[in-house]
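In what follows, a single structure is set out as structure tokens and then discussed.
The values are calculated or read from the model by the stated rules, or taken from the named source; none is laboratory data. Everything quoted here is computed from the prediction, not taken from an experiment. Cβ: placed from backbone, ideal geometry, glycine included. Neighbour counts: every protein chain shown. With ligands, DNA and RNA removed, areas are computed over all heavy atoms of the protein, side chains included. Shrake-Rupley method; radii C 1.70, N 1.55, O 1.52, S 1.80 Å.
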Amino acid sequence: METLATLDDLPKAYVDELTQKNLVPLWPSLREVLPPNKPKPQTQVISWKYKDIRPLLMRAGELTPIEKAERRVLVLSNPGHGLENMRASSVMYLGMQLLLPGEWAPSHRHTPNAVRLIVEGNGAYTSVNGEKCPMERGDLILTPTGMWHEHSHEGESEVVWLDVLDLPLVYYSEASFVEEGEKAKSNNEAKPLVYGPGIVATENFTRNDNHLVKYPVLRYPWADAKKALETIAENSSVEMVQVTYVNPETGDDAQKIIGFSAIMLRPNQVLKLRQRSCAMVFHVIEGDVNIKVDSVQHDLTVADTLCTPCFTNVTLVNTLDKPSFVFVADESPFQRKLGLYSERERTDI
Ligand code: GTQ
């Protein structure tokens, strides 16, 4: 590929005049915006250990009352994007949120989509459009775009969860904003909407104008996902034991931009993934997993999190003699919708 002329190859007066007229020559930057063969991601391979996060998050619990934080979150920020930009990747935001017994994170709704993956504790609830979703370890709870949500805690111990939002993408699109809800805690006990899968209170059900139509499932209990994974592992010899969290109404991904799935690694399994055109996030729900990304190995245990940029060689190694379980978030729904998604063979075999 031809090396192209740089800005320095142009007379300064010419460049100054271009600048003054809000014009930019393409050729000095052409290889940067259209790099050969594959993107040049700012996303770096980064891992965050829960043993590092936890004490700092608990300290935040002492330092900042919930009223002064609204959401008490430490953001898992990728230095490749600049820490202050609070991105794990160009599309995904990750945060660890702490709610203490008796606390309440008030109701709001916003344009970015969010999910919570519960890391520890019990007795907390996220209420989504009035539906009260209990938070148990490993559960996945959706708060899709535009839905009112608040977090409350009726239990005894700290509750921590991992927030995954498409905030970086929505913010970049200049489409990110929030609306504040009622100042008072909503009384969810009075009017529960959902009594079981597909069973709702008729008085609260308005056909075609209800989240139950668009997003019938807001909580995916870990017990169900784990059971599904164990059943798949038992009944088939498939190499990748994986379940995808889907919207049962449409059969599509659970949310529109970020995709969510869970992988079960068989005892001592070594799982080599194909290269993918999107960044990915791995979070250990149960077990010990070494994740090798190109030549660097990261030793992860329960509640540790790692992100990988596009087109990397990712190998998951279960170091235990029993199954390990990994939650995965990736940008494939977004990339597929735009026709940007692709996979490639690994470059290390
Ligand atoms: O719990 O609603 O990590 O609005 C960032 C923004 C969590 C939330 C985050 C939010 C929330």
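Packing, as the average of other Cβ atoms within 10 Å across residues, places the peptides 150-156, 282-288 in the order 282-288, 150-156, highest first. Taking N as the residue count of the stretch 219-335, its C-alpha radius of gyration divided by 2.2 N^0.38 Å amounts to 1.02. In sequence order, the stretch 39-48 has phi-based couplings of x, 9, x, 7, 4, 9, 6, 9, 10, 10 Hz under the Karplus curve 6.51 cos²θ - 1.76 cosθ + 1.60, θ = phi - 60°, and Gly or Pro positions carry x.
A viscosity of 0.692 mPa s and a temperature of 37 °C, combined with the Kirkwood radius over Cα pairs in Stokes-Einstein, give a translational diffusion coefficient for the stretch 1-128 of 172 µm²/s.
Computed from backbone phi with θ = phi - 60° and the Karplus coefficients 6.51, -1.76 and 1.60, the 3J(HN,Hα) list for the stretch 281-287 is 10, 10, 9, 7, 8, 8, x Hz; x is used for glycine and proline.
Can you give the direction-averaged projected area of the convex hull of the alpha-carbon atoms in the chain, in nm²? Show your work: numbers first, answer last.
Details: hull surface 89.1 nm².
The number I arrive at for the chain is 22.3 nm².
Note on the chain: with a GNM built from Cα contacts shorter than 10 Å, the maximum mean-square fluctuation among Ala223, Ala124, Ala303 falls on Ala223. Of the three principal axes defined by the Cα atoms of the stretch 44-104, the extents in descending order read 37, 22, 15 Å.
Per-residue counts of other Cβ atoms within 10 Å, averaged by peptide: what ranking do you get for 226-234, 13-21, 97-105, highest first?
97-105, 226-234, 13-21
Rounded to the nearest 20 debye, the dipole magnitude of the chain is 400 debye, with +1 charges on Lys and Arg beta carbons, -1 on Asp and Glu beta carbons, and the Cα centre as origin.
Amide hydrogen proximity for Tyr341: with H placed 1.01 Å from N in the peptide plane, the residues at 5 or more positions away or on another chain lying under 5 Å are Arg336. Could you tell me how many degrees, from 0 to 90 and to the nearest 10, lie between the Cα long axis of helix 50-63 and the main elongation axis, the longest principal axis, of the Cα atoms of the chain? Here the helix axis deviates by roughly 70 degrees. Compared with the dominant Cα axis of the chain, that is its longest principal axis, helix 222-235 is turned about 70°. In the elastic network of the chain, a GNM with C-alpha springs shorter than 10 Å, the most mobile of Glu32, Glu158, Glu120 is Glu32. Coupling constants for the stretch 323-336 follow from the phi torsions by the Karplus curve (6.51 cos²θ - 1.76 cosθ + 1.60, θ = phi - 60°), and in residue order they are x, 10, 10, 10, 8, 10, 10, 8, 9, 5, x, 4, 5, 5 Hz; glycine and proline get x. Distances between placed amide hydrogens fall under 5 Å for Gln269 paired with Asn318, all partners being 5 or more residues away or on another chain. Per residue, the accessible area of the chain comes to 51 Å² when a 1.4 Å probe rolls over the protein heavy atoms.
For the options Ala114, Ala175, Ala279, a Gaussian network treatment of the chain with springs between C-alpha atoms closer than 10 Å singles out Ala175 as fluctuating the most.
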